[in-house]
Amino acid sequence: MSSLPWTVRIQAAAFQVAQRQDGSIRRPILFLSDLKTGASRATPSPDVSEVRSTDITIDVSRGLWARVFCPTAIADDAPAPLPVFVYFHGGGFMLFSASFGPYDTFCRRLCRKLRAVVVSVNYRLAPEHRFPAAYDDGVATLRYLDETPTPLPADLVPAPVDFGSCFLIGDSSGGNMVHHVAQRWASMSSATSSQSQSQPPLRMRRLRLAGAVLIQPFFGGEERTEAEVRHDKACRILSVARADLYWREFLPEGASRDHPAARVCGEGVELADTFPPAMVVTGRIDLLKDWHARYVETLRGKGKRVRVVEYPDAFHGFYAFPELADSSKLVEDIKLFVDDHRSGSRLDACG
Amino acid sequence: MFPMLTGFISYGQQTIRAARYIGQSFIITLSHTNRLPITIHYPYEKSITSERFRGRIHFEFDKCIACEVCVRVCPIDLPLVDWRFEKDIKRKQLLNYSIDFGVCIFCGNCVEYCPTNCLSMTEEYELSTYDRHELNYNQIALSRLPISIMGDYTIQTIRNSPQSKIDEEKSWNSRTITDY
């Protein structure tokens, strides 16, 4: 930690201040970061980083909204359709929002580097909304993108959008959501395809999950892994006690950390046939490194294609700091994964 | 009522604009606080010289054939070569060789054109002395091997910027990507 830039250390200390001794959260402190990243809901606001953004409402009844990012410098001569990224922010299901400063910046970098439309979902947070509220919000977002005729504002996204190249991307608890939302959506797709055998399909789904990017996903269990014991004090972003608090507040009352929402490894995990290829990003000094390895083993056991990217100097949450070199490498690696799995790519033609 | 309100509003806007204008110049100033210092605490800290560093010239007496190519290619004809022709073996025999580092410009031409490679550059650059005549190195002084600063535990060595860039390039490929 001593080799980190001082800006990273200050942000980590501020994050630590936002937590009280009993584990509860001082949300107003984290809310301060939302003030400078407000996006206009009426007109898209151009940005110095060549990205325009606006907020859209997905479901008024549950207060579900998302922030949409679109690159501005689009070539007018026969532009290729833009892929769609549905981004779930991290925070242990309790913290942050789509308008949180570091995540807003991360989405803008994704949008600019990947030349894609990024939809950052502001799902409902625990402990007010426990399991499975966040997963329901994720699936509702996918359904909104799939069924709404024009889900994205026309003035924000002038270029055509390729809904056949939809990628789910999430970090920490968002990575956990990527897995469960992809699994639910793939199960619904399988159920729909099985129903179509008996009767003609009502509507062909245009949204196709092309890939899932899990950045240091937030998995856990009752047992203590070696990485949890060794890297408990490695960084201030996440510790074993804090992770236990997050799970206790998110999982249903009385459930242990071996709940299927947390423990995503072993034979009990069921994966649909249309589960997309996955890219799992892990760090060598990450608390949850062993859970990532078990998750990868589970995907391999089910015959799914997995790409594992491990950064030797990455702690949990390194992607949120643009000052670190690994943060920019991560975006480049995501671009490689996306180019391999877009619709019309060579791998799809061979597969 | 309204003129006072508009006055306060315009005054506030002017204050914000002035503060923003002044703050713009501090962007460059405050960004320096996030940078590592470039200075080193010489002589307790010394930089590691690069491989192509042009320091003191090293001369190997046994290899020299006294051809005087180094004198001809030198821009100021600096090396002093004293030789004698041995009639019995029909070969020049070197008697004395000296280079005055007070006059030398360390261009490296002599090292480049020496046919027997008896001249080479070292990484030694601390040639200061109180008498300029002491800078006239004879063949004995030129044959001395350079002092290695790496082995001196009292001196902390620091890499210079080109080496740091090489390290950064190496760290770029430090991550591992595995496809299953």
* Can A:GLU147 be described as surrounded by fewer than 23 Cβ atoms within 10 Å (Cβ to Cβ), closer than 16 Å to A:LEU95 by Cα, modelled with pLDDT under 80 and not aliphatic (A, V, I, L, M)? -> no
* **Near pairs, Cβ below 6 angstrom, 6+ apart or cross-chain, from region A:284-306 (more than 10 Å from every other protein chain (Cβ to nearest Cβ)) to any residue that is open to solvent by less than 60 Å² (accessible area, probe 1.4 Å) and among the charged types (D, E, K, R)** => A:LEU287/A:GLU228
* Asked: Just wondering, is there one or more residues in region A:240-252 that are surrounded by fewer than 19 Cβ atoms within 10 Å (Cβ to Cβ), part of a loop (DSSP other than H, G, I, E, B), modelled with pLDDT under 85 and touching a helix residue (DSSP H, G or I) at 6+ places or on another chain (Cβ under 8 Å)?
  -> no
* region A:309-343, residues that are outside any helix (DSSP H, G or I), of a type in the set (A, V, I, L, M) and open to solvent by 20 Å² or more (accessible area, probe 1.4 Å) -> A:LEU324
* To do: Scan region A:150-165 residue by residue and report those that are open to solvent by less than 40 Å² (accessible area, probe 1.4 Å) and assigned to a loop (DSSP other than H, G, I, E, B).
  => A:PRO151, A:LEU152, A:PRO153, A:LEU156, A:VAL157, A:ALA159
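Would it be correct to say that A:MET94 is closer than 30 Å to A:SER239 by Cβ, under 17 Å from the mean Cα position of the chain (by Cα), of a type in the set (A, V, I, L, M) and modelled with pLDDT of 85 or more?
Working: closer than 30 Å to A:SER239 by Cβ: yes; under 17 Å from the mean Cα position of the chain (by Cα): yes; of a type in the set (A, V, I, L, M): yes; modelled with pLDDT of 85 or more: no.
Considered against the rule, which asks whether it is closer than 30 Å to A:SER239 by Cβ, under 17 Å from the mean Cα position of the chain (by Cα), of a type in the set (A, V, I, L, M) and modelled with pLDDT of 85 or more, A:MET94 comes out as no.
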* To do: Report whether or not A:HIS231 is closer than 21 Å to B:ARG175 by Cα and within 14 Å of chain B (Cβ to nearest Cβ).
  => no
* Top-ranked residue of region A:270-280 - restricted to ones that are open to solvent by less than 20 Å² (accessible area, probe 1.4 Å) and in a loop (DSSP other than H, G, I, E, B), ranked as modelled with the highest pLDDT -> A:PRO276
* In region A:310-351, which residues are at pLDDT 85 or above, within 12 Å of chain B (Cβ to nearest Cβ) and under 14 Å from A:PRO277 (Cα atoms)? -> A:ILE334, A:PHE337
* Do we have A:VAL118 as surrounded by fewer than 23 Cβ atoms within 10 Å (Cβ to Cβ) and modelled with pLDDT of 85 or more here? -> no
* Inspect region B:86-98 for any residue being of a type in the set (D, E, K, R), in a loop (DSSP other than H, G, I, E, B) and within 18 Å of the chain's Cα centre (by Cα) and give the result as yes or no. => no
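For every residue, the table says whether it meets (1) hydrophobic (A, V, I, L, M, F, W, C); (2) surrounded by fewer than 17 Cβ atoms within 10 Å (Cβ to Cβ); (3) in contact with a helix residue (DSSP H, G or I) (Cβ under 8 Å, 6 or more places away or on another chain); (4) touching a residue at least 40 places away in the same chain (Cβ under 8 Å).
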site: B:ILE65; (1), (2), (3), (4): yes, yes, no, yes
site: B:GLU68; (1), (2), (3), (4): no, yes, no, no
site: B:ASP77; (1), (2), (3), (4): no, yes, yes, no
site: B:ARG84; (1), (2), (3), (4): no, yes, no, no
site: B:ASP88; (1), (2), (3), (4): no, yes, no, no
site: B:LEU95; (1), (2), (3), (4): yes, yes, no, no
site: B:PHE101; (1), (2), (3), (4): yes, no, yes, yes
site: B:CYS104; (1), (2), (3), (4): yes, no, no, yes
site: B:GLY108; (1), (2), (3), (4): no, yes, no, yes
* Identify, please: which residue in region B:10-49 is assigned to a loop (DSSP other than H, G, I, E, B) and surrounded by 12 or more Cβ atoms within 10 Å (Cβ to Cβ) and is, among those, nearest to the other protein chains (Cβ to nearest Cβ)? -> B:ILE40
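The values are calculated or read from the model by the stated rules, or taken from the named source; none is laboratory data. Predicted model, so just to flag it, every value in this text is computed and none were measured. All Cβ positions, even for glycine, are placed from backbone atoms using ideal geometry, and neighbour counts span all protein chains on display. Note: accessible area is taken over every heavy atom of the protein model, side chains too, but ligands, DNA and RNA are not part of it. Shrake-Rupley method; radii C 1.70, N 1.55, O 1.52, S 1.80 Å.
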